[in-house]
Amino acid sequence: ENLKKITAKDNQIEMLFNIISEKDIQIKSLHNEIAKNCSKNDEKMTEILLAKLNEKDQKIELLLGKSNEKDQQIKDLFEKVEENEKKIKDLSEKVEDKDAKIKDLSE
């Protein structure tokens, strides 16, 4: 169950990084458009493109924040898995102790 959750989180992180890569390509394209428009002295187009660029930057920041959240969730899941493994180990040892006591009492 935890492995399914971890795999799902990994897939979500990979998807977010793909989106970020796409946004980076769009930003580079916008930079190129800005450079072309600046050479034509088209200030209005430059302002529009800068606004779009800022919007893309904000989306990237949001995606990075979500990615960090997912990383923390995965870390938390791994910690829970480790805690559960320790609990299972402790319980197994207690069962072994009880089995040994039963065996001793039976003899």
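Using a simple charge model, +1 on the beta-carbon of Lys and Arg, -1 on the beta-carbon of Asp and Glu, nothing else, what dipole does the chain show about its Cα centre, in debye to the nearest 20?
Dipole magnitude for the chain comes out near 460 debye.
Split the accessible area of the chain by element, probe 1.4 Å, and carbon with sulfur accounts for 53%. Size descriptors for the chain: radius of gyration and Dmax over Cα atoms are 27.2, 98 Å. Only helices enter this figure: runs of n ≥ 4 DSSP H residues, each worth -39500 (n - 2.57), summed and divided by the residues of the chain, yield -36000 deg cm²/dmol at 222 nm to the nearest 500. Look at where the Cα atoms of the stretch 1-16 and of the stretch 48-107 average out, and the two centres are 12 Å apart. With one equal scatterer per alpha carbon and no solvent term, the Debye-computed log10 I(q)/I(0) for the stretch 17-77 at 0.13, 0.18, 0.29 1/Å reads -0.44, -0.66, -1.09.
For the chain, the longest principal axis of the alpha carbon atoms and the long axis of helix 2-39 meet at an angle near 10°. Projecting the Cα atoms of LEU91, ILE74, THR46 onto the charge dipole of the chain (Cβ charges, centred on the Cα centre) puts THR46 farthest toward the positive pole.
The values are calculated or read from the model by the stated rules, or taken from the named source; none is laboratory data. Quick caveat, the model's predicted, so the values are computed rather than measured. Neighbour counts run over all protein chains shown; Cβ positions are idealised from the backbone, glycine included. These area figures cover heavy atoms from the full protein model, side chains too; ligands, DNA and RNA do not enter into them. Shrake-Rupley method; radii C 1.70, N 1.55, O 1.52, S 1.80 Å.
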